[in-house]
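Rule-based calculations on the coordinates, nothing more; no lab input. The model shown is predicted, which means the values in this text are computed figures rather than measured ones. Cβ placement follows ideal geometry from the backbone for every residue including glycine, while neighbour counts extend to all protein chains displayed.
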Amino acid sequence: MDAKADIKPLTGLRGAAALAVAAYHLLLPGALIHGTPARLLGRAYLAVDIFFILSGFVLALNYGAWFTQGAQPAACARFLWRRFARIYPLYVTILAARLIYTQLRYGTFALPRPWIAVPLAHPAATIAANLAMVQAWGVAPSITGPSWSISAECAAYIAFPLLAAAMLGRRHARIALACIAASALLLVAVTWLPAPPGHPRMLDVSDGETPGPLMRCLAGFIIGIAICRLAAWAPARRLAAHPASTLLVLLALAALLLTGASDLAIYPLFPALVLCLACARTGPAMLLARPAAVWLGEISYALYLLHIFLLHPIDVTRAAARLILPPACADAATSLGMLALLLAAAHVATRLIDEPGRRFLSAPPHARLAGSAPNPMIHQQNAGARPWRMPPHPTPQKP
């Protein structure tokens, strides 16, 4: 089980979702895009829900067998450490850099909101919550805006062993259905929470001082686990693998976005899309398995966390470009330039911080000294049946 499944179309989907969130924040507020592209991106905040669904699906596929016979402490600890090693290095690097810069530049957190510096009303409590990644649990605001979803996912990781044990066993179909129903209720409840101005009764909830982010994340995460179980059902797998299925889901998604359908009407297409891309061997799914799309997926975590720092530069650059170019040309040049800068920064952050940090935390000194001998308890658990195992994907890739 140490070798993880990597389904390239899902990696590409993660990259596309991260890019959509970045475009939503960077291009829409300044009207840098118009017409149909703007209408398609108008709901790109929902791409974060794709992250949550993907996370539940991929973790169930890779780690579900660890917990089908119960959430034993050793397996839980090993799983949680791996998740910590995956998300914390880049997260804490960005957080620490902003806090240190604020103190060196201003000497205080009581300041108006500048570009990189951090204004905090309650520094001690907010910093502690962000360092522990619990801020989005209704505790505090996120210092780095997009990190609210990382904090919410931490709660899902803690719950995963119990969720996997409850939902992925052969005789647990009723429990899985009950969890799906609970997820639907959570999503409906999220739409009734206070939303940002201009976004009434939608899923655009990210304020860490309410339970909304946690509810939103857990709903998608549970649905992702359920979709992984559904992939074991041969009729569903055959239907999802048909090239026309992915195309129909994408066309339906585009139609709902263009016609202004509600968030709750759009949301069910996300798990359908994940299932189709996980099972498909030909057709549209292969576009997301292309090297460029896979690379975008590999840097998606850094892209998602870093894009928020271009909000100020893109406004300044656009204003300067309009002084020397026609507005349309200035907007296009600004958009392309900032996109290139973001991709380059995300690539560098992934290669120099994210990946080395992950390797370092995944191989602590005592593990290096002990070699790569398998954990006997984990090996024994993995010997059990995996009723939701999917057929081998045509383009596997080791992490």
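At A121 and T282, where each label point lies 7 Å from the Cα along Cα→Cβ, what is the point-to-point distance in nanometres?
Taking the two extended label points, one gets 5.9 nm.
Report the Rg/Rh value for the chain, based on alpha-carbon coordinates and the Kirkwood definition of Rh.
0.96
Hey, if you put +1 on the Cβ of every Lys and Arg and -1 on every Asp and Glu Cβ in the chain, which of V48, A293, L26 ends up farthest toward the positive end of that dipole?
A293
So which DSSP H runs in the chain come out at 24 Å plus along the axis (Cα) with average Kyte-Doolittle of at least 0.5?
Helices meeting the criterion: 8-26, 147-167, 173-190, 212-230, 327-349.
Mind checking the dipole of the chain: about its Cα centre, +1 per Lys or Arg Cβ, -1 per Asp or Glu Cβ, Debye to the nearest 20?
So the dipole magnitude of the chain works out to roughly 1020 debye.
Return the inverse of the average 1/r over all pairs of distinct C-alpha atoms in the stretch 246-291, which is the Kirkwood hydrodynamic radius, in Å to one decimal.
11.2 Å
Order 170-177, 351-358, 272-279 from most to least packed using the mean count of other Cβ atoms within 10 Å.
272-279, 351-358, 170-177
Note down the nm distance, to one decimal, between modelled labels 7 Å out along Cα→Cβ at A232 and at A265.
Taking the simple label geometry, A232 and A265 are separated by 3.6 nm.
Give the shape of the stretch 42-95 as rounded, prolate or oblate, defined through the alpha-carbon gyration tensor: a ≥ b ≥ c are the square roots of its eigenvalues, a/c under 1.5 means rounded, and otherwise the shape is prolate if a/b is larger than b/c and oblate if not.
oblate
Run through all the Cα pairs of the stretch 1-147 and give the fraction in each 10 Å bin from 0, expressed as whole percent.
So the P(r) values, bin by bin, are 9, 27, 32, 23, 8, 1.
Just name one of Y63, L214, I116: the one whose Cα is farthest towards the positive end of the charge dipole of the chain (beta-carbon charges, Lys/Arg +1, Asp/Glu -1).
Y63
If I histogram all Cα-Cα distances within the stretch 229-270 using bins 10 Å wide from 0, what percent of pairs lands in each bin?
P(r) over the stretch 229-270, rounded to whole percents: 27, 43, 27, 3.
Net charge within 14 Å of A240 by Cβ-Cβ distance, Lys/Arg positive one each and Asp/Glu negative one each, not counting A240 itself?
Around A240, the surrounding residues sum to +4.
Say R0 is 51 Å: what FRET efficiency, to the nearest 0.05, do A178 and L104 get from their beta-carbon distance?
0.45
Under a Cβ-Cβ cut-off of 11 Å, what is the net charge of the residues other than L296 that fall near it, where Lys and Arg count +1 and Asp and Glu count -1?
Computed value for this residue: +1.
What is the stretch 40-144's relative contact order, in percent, from Cα pairs under 8 angstrom and six or more apart in sequence?
Averaging sequence separation for qualifying contacts and normalising by length gives 14 percent for the stretch 40-144.
Could you tell me the relative contact order of the chain? Use alpha-carbon pairs under 8 Å, at least six residues apart, and round to a whole percent.
Rounded, it is 30 percent for the chain.
Test of understanding: in a Gaussian network model of the chain with alpha carbons linked when under 10 Å, which of I225, I100, I150 would top the mean-square fluctuation ranking?
With Cα springs under 10 Å in the chain, the top fluctuation among I225, I100, I150 is at I100.
For the chain, set up a GNM with springs between Cα atoms under 10 Å and report which of Y101, Y301, Y45 has the largest fluctuation.
Largest GNM mean-square fluctuation: Y101.
Once you have the Cα-Cα distance between A132 and C329, take 0.36 nm times their residue separation minus that, and quote the gain in nm to one decimal.
That works out to 66.5 nm of additional length.
Within a Cβ distance under 12 Å of A136, other residues only, what is the Lys/Arg minus Asp/Glu net charge?
-2
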